[in-house]
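Student: Have a look at this one.
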Amino acid sequence: MSATTDPMSATSATSTDVKKPLTGPAATRAVRTAFSSPTASIVAIAIGVLWTIPTFGLFINSFRSKSDAATSGWWMFFVHPSFSLDGYRQVLTGQGGLFIPLVNSLAITIPATIIPIFVASMAGYALAWMRFRGSDAIFFTFFALQVVPLQMALVPLQQYYVHGLRIAGITVLPSPGVNGTLAQIWLSHTMFSLPLAVFLLHNFIAQLPGSLIEAARVDGASHLRIFRSVVLPLSMPAIASFSIFQFLWVWNDLLVAKTFGGSNPALQPVTARMQSLTGSYGSHLELLAPAGFLTIVVPVIVFLALQRYFVRGLLAGSVKG
Amino acid sequence: MSATYVSLASSVAGQAATTLLGAVEAVLGFVAILAIVFFVAGRATGRLEKPLAVIICLGPALFLVALGLVIPAITTINNSLTNQQFLGQQKTKKVGLKNYVFAFTDPYTQQTIVRTVLWLVIVPAVAVGVGLLVALLVDRMKYASIPKTMVFLPTAISFVGAAVIWSYVYNYVTPSQPQTGLLSQVVIKLGWSNPPNWLITPPLNTFLEMVIMIWIQAGFAMVVLGAALKAIPDEVIESARMDGASGFRLFRTIQVPMIRNTLVVVLTTVMITTLKVFDIVFTINNGNFKTDVLARQMYADMFVTSQVARGSALAVILFLAVLPLVLYNVRQLRREREIR
């Protein structure tokens with residue numbers, strides 16, 4: 001699969017007799033013809049299939065009968081088909097199963113997605129349209145804070161939740177009293193998401209047409225009013241992008257959940273539960289498959305349904321635009 | 001008997017309902033507070049209006065970032081210079097750079113650092129390579145969305161989920177028995193009669209865990225690079241082709257230079273993610289069998305083995321390693337803003 005087998009190796013006949021450079025749709029058509037080489041398509045599909053096989057294996061195994069899944073590989077399904085939902089039933093209803101963790105994941109993800117949207121879009125609006133001295137510096141500080149790995153924040157933040165904020169032995173801020181509740185997971189995710197969220201939403205809000213905001217100002221609308229009735233509704237595309245980002249991030253997170261949820265089953269999201277199951281289910285491969293599939297199914301559905309917005313967010317975050 | 005089953009089921013349903021209700025209440029409460037603040041502050045007019053709006057809009061974000069990132073980062077740097085062992089320890093002593101000296105002289109930690117560097121070199125290079133290859137292959141191809149979605153899908157899967165998925169690839173069974181792991185099955189069919197127990201055989205296991213990370217990251221690289229390739233005007237490519245550039249030459253002389261900035265940004269972004277890799281190593285072997293990496297050992301130091309100061313030192317090392325990468329990205333961004 002060296003780069004020499006790429007699609008450009010095909011030379012089209014048209015380019016030799018036409019000497020003048022093509023422009024517009026003609027160029028598009030010529031390039032498209034030249035690039036649609038069958039070899040390239042086959043290699044691309046082959047890589048796609050290779051990338052899908054591991055997930056496909058998990059999917060097949062999750063529906064096989066327990067004894068089959070434990071004693072033979074998933075590809076044997078095509079030789080000796082067997083179908084059973086026992087694994088799913090056991091994983092969902094059994095003691096220490098995945099039902100409550102799935103609910104917890106939902107209960108963690110929804111607030112941890114919605115709260116940062118408001119906090120970050122307000123900040124983004126302030127930094128983009130209420131120019132004041134230092135607003136640029138604050139914006140770059142937000143962005144640059146992405147350097148701080150959340151690993152650096154874990155211990156001090158946990159200490160804050162338990163004891164409050166102490167500087168040199170003096171309590172500056174009392175503990176917020178959220179220790180042992182989902183609230184500390186919401187709060188942590190909100191804090192860790194802000195550098196990216198402010199960056200993404202600011203960039204979008206800054207590009208809204210200035211004439212709109214001017215017009216509202218002239219009509220006597222206050223900044224808060226403009227935010228509520230002009231900026232927020234117009235920012236929906238960027239908000240959608242960020243929400244998917246944050247939803248996937250929070251749902252798939254293990255480190256924050258493990259640190260602030262600890263081993264308390266009432267707070268455990270599905271990733272943390274799954275992680276502890278891999279140990280005890282190690283000898284029960286038949287349960288690992290349905291459990292694993294339940295872990296990934298929600299983000300995968302969200303991802304497939306809203307891929308367009310996700311890609312838009314990705315591009316806004318790491319490439320210009 | 002069935003009555004207890006029913007009551008158990010209803011108590012589980014009750015717990016689920018309570019949890020979800022709590023989450024919904026929190027969101028509604030948050031929005032309600034916001035609405036009240038907006039309503040009250042909206043009454044202000046004149047000279048007070050703008051400063052008040054700035055405080056209301058910017059205040060929460062600044063407060064949360066200070067509390068959740070800035071102060072904790074400073075505290076962690078501070079902790080790394082003490083002899084703190086367990087969480088919440090009151091009496092600690094300054095020990096200077098002792099924890100850093102330990103990190104670079106302790107044989108186990110040295111190995112962890114070397115392994116993390118290996119991750120940092122191999123994963124981004126291969127993931128970006130594969131991503132670029134697929135992006136090139138499907139660039140301007142019909143029905144490109146099918147192979148693209150297939151490669152992109154793992155992006156949505158958690159590291160924990162990925163570890164479970166790949167356990168069906170790397171699972172080991174004695175060669176005389178029917179195989180349950182795909183990798184063993186394939187190599188046995190290819191004639192390797194006695195494959196090793198993949199995940200507990202160093203140094204092989206580290207590379208196999210890297211494959212999982214590459215599997216996840218390649219889709220991200222593909223999408224961003226694909227967009228950059230698409231942004232090259234058709235006219236440019238067509239005229240280059242007419243000048244006789246095709247295949248690898250077109251790629252090297254036209255396409256790569258035109259997407260170079262994007263290529264570097266993708267590379268640094270994957271590097272940052274790779275440096276912090278925790279979940280894969282944690283879920284598969286918990287860092288045993290010589291697979292430990294910086295982020296995993298740091299977690300264990302802080303929360304399992306009560307070596308908070310040593311863990312903090314590792315966190316600072318991680319921070320210092322990420323710093324130049326992010327600064328590069330920030331500089332890149334600044335330059336783009338100035339051009340605009």
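The values are calculated or read from the model by the stated rules, or taken from the named source; none is laboratory data. These figures come from a predicted structure and were not determined experimentally. Every residue, glycine as well, gets a Cβ built from its backbone with ideal geometry; the counts of neighbours run over all protein chains shown.
Student: Among the candidates A:Pro38, A:Pro81, which residue alone is at pLDDT below 90, closer than 30 Å to B:Arg252 by Cβ and out of contact with any strand residue (DSSP E or B) (no Cβ under 8 Å at 6 or more places or on another chain)?
Tutor: Going through A:Pro38, A:Pro81 in turn, the sole match is A:Pro38.
Student: A follow-up question, please. Evaluate the stretch A:57-67: report whether one residue or more is at the interface with chain B (Cβ under 8 Å from one of its Cβ atoms), over 30 Å from the mean Cα position of the chain (by Cα) and assigned to a helix (DSSP H, G or I).
Tutor: No, the stretch A:57-67 contains no residue that is at the interface with chain B (Cβ under 8 Å from one of its Cβ atoms), over 30 Å from the mean Cα position of the chain (by Cα) and assigned to a helix (DSSP H, G or I).
Student: Here's another thing I want to ask about it. Given the condition more than 29 Å from B:Ala163 (Cα to Cα), part of a helix (DSSP H, G or I) and of a type in the set (D, E, K, R), answer yes or no: does some residue in the stretch B:221-232 qualify? Steps first, answer last, please.
Tutor: At the first step, the residues of the stretch B:221-232 found to be more than 29 Å from B:Ala163 (Cα to Cα) are B:227-232.
Now narrow it down to the ones that are part of a helix (DSSP H, G or I): B:227-230.
Then drop every residue that is not of a type in the set (D, E, K, R), which leaves B:230.
Yes, the stretch B:221-232 has at least one match.
Student: Checking the conditions here, which among B:Gly88, B:Gly68 is under 21 Å from A:Gln151 (Cβ atoms), facing chain A (nearest Cβ under 7 Å) and either in a loop (DSSP other than H, G, I, E, B) or in contact with a strand residue (DSSP E or B) (Cβ under 9 Å, 6 or more places away or on another chain) (or both)?
Tutor: Answer to the selection: B:Gly88.
Student: Any idea which residue in the stretch B:93-121 is farthest from B:Ser306 (Cα to Cα), counting only those that are part of a helix (DSSP H, G or I) and aliphatic (A, V, I, L, M)?
Tutor: Filtering first and then ranking leaves B:Val121.
Student: How many residues does the stretch B:240-289 hold that are closer than 26 Å to A:Leu314 by Cβ and part of a loop (DSSP other than H, G, I, E, B)?
Tutor: Result for the stretch B:240-289: 4.
Student: Also, quick follow-up: Consider the stretch A:131-164. How many of its residues are surrounded by fewer than 20 Cβ atoms within 10 Å (Cβ to Cβ) and not in a helix (DSSP H, G or I)?
Tutor: Residues that pass the stated criteria total 5.
Student: Against the definition (touching a residue at least 60 places away in the same chain (Cβ under 8 Å) and of a type in the set (Val, Ile, Thr)), how does A:Thr109 come out, yes or no?
Tutor: Yes.
Student: Out of (1) surrounded by fewer than 19 Cβ atoms within 10 Å (Cβ to Cβ); (2) among the small types (Gly, Ala, Ser); (3) within 10 Å of another protein chain (Cβ to nearest Cβ), the odd one out for B:Ala163 is which?
Tutor: Tallying (1) surrounded by fewer than 19 Cβ atoms within 10 Å (Cβ to Cβ); (2) among the small types (Gly, Ala, Ser); (3) within 10 Å of another protein chain (Cβ to nearest Cβ), B:Ala163 fails exactly one: (1).
Student: If you don't mind, another one. If the requirement is being closer than 30 Å to A:Trp75 by Cα, in contact with a helix residue (DSSP H, G or I) (Cβ under 8 Å, 6 or more places away or on another chain), modelled with pLDDT under 90 and not β-branched (Val, Ile, Thr), which of these qualifies: B:Ala156, B:Ala162, B:Ala144? Don't jump to the end; show me each part of the working.
Tutor: Details: B:Ala156 fails: modelled with pLDDT under 90; B:Ala162 fails: modelled with pLDDT under 90.
The unique qualifying residue is B:Ala144.
Student: As an exercise: evaluate B:Gly131 against (1) buried (at least 22 other Cβ atoms within 10 Å of the Cβ); (2) among the small types (Gly, Ala, Ser); (3) more than 19 Å from A:Phe303 (Cβ to Cβ) and give the number of the one condition it does not meet.
Tutor: The failed condition is (3).
Student: From the list B:Ala35, B:Ala17, B:Ala13, B:Ala73, pick out the single residue that is buried (at least 19 other Cβ atoms within 10 Å of the Cβ), small (Gly, Ala, Ser) and either assigned to a helix (DSSP H, G or I) or facing chain A (nearest Cβ under 7 Å) (or both).
Tutor: B:Ala73
Student: Take the residues in the stretch A:239-283 that are under 20 Å from A:Ser65 (Cα atoms) and out of contact with any Leu (no Cβ under 9 Å at 6 or more places or on another chain), then tell me which one is modelled with the lowest pLDDT.
Tutor: A:Ser283
Student: In this structure, is A:Gly87 closer than 13 Å to A:Leu287 by Cα, in contact (Cβ under 8 Å) with a residue 24 or more places away in the chain, in a loop (DSSP other than H, G, I, E, B) and touching a Pro at 6+ places or on another chain (Cβ under 8 Å)?
Tutor: In short, no.
Student: Checking the structure you have, find out if any residue of the stretch A:172-189 is more than 27 Å from B:Glu25 (Cα to Cα), modelled with pLDDT under 85 and assigned to a loop (DSSP other than H, G, I, E, B).
Tutor: No, the conditions are met nowhere in the stretch A:172-189.
Student: If a residue has to be farther than 12 Å from A:Val231 by Cβ and either facing another protein chain (nearest Cβ under 7 Å) or modelled with pLDDT of 95 or more (or both) to count, how many in the stretch A:128-137 make the cut?
Tutor: Residues flagged as farther than 12 Å from A:Val231 by Cβ and either facing another protein chain (nearest Cβ under 7 Å) or modelled with pLDDT of 95 or more (or both) within the stretch A:128-137 amount to 1.
Student: If a residue has to be at the interface with another protein chain (Cβ under 7 Å from one of its Cβ atoms) and touching a residue at least 60 places away in the same chain (Cβ under 8 Å) to count, how many in the stretch A:159-185 make the cut?
Tutor: So the count comes out to 1.
Student: Looking at the stretch B:138-158, which of the residues that are surrounded by fewer than 24 Cβ atoms within 10 Å (Cβ to Cβ) and not aliphatic (A, V, I, L, M) is farthest from A:Leu288 (Cα to Cα)?
Tutor: So the residue we want is B:Arg140.
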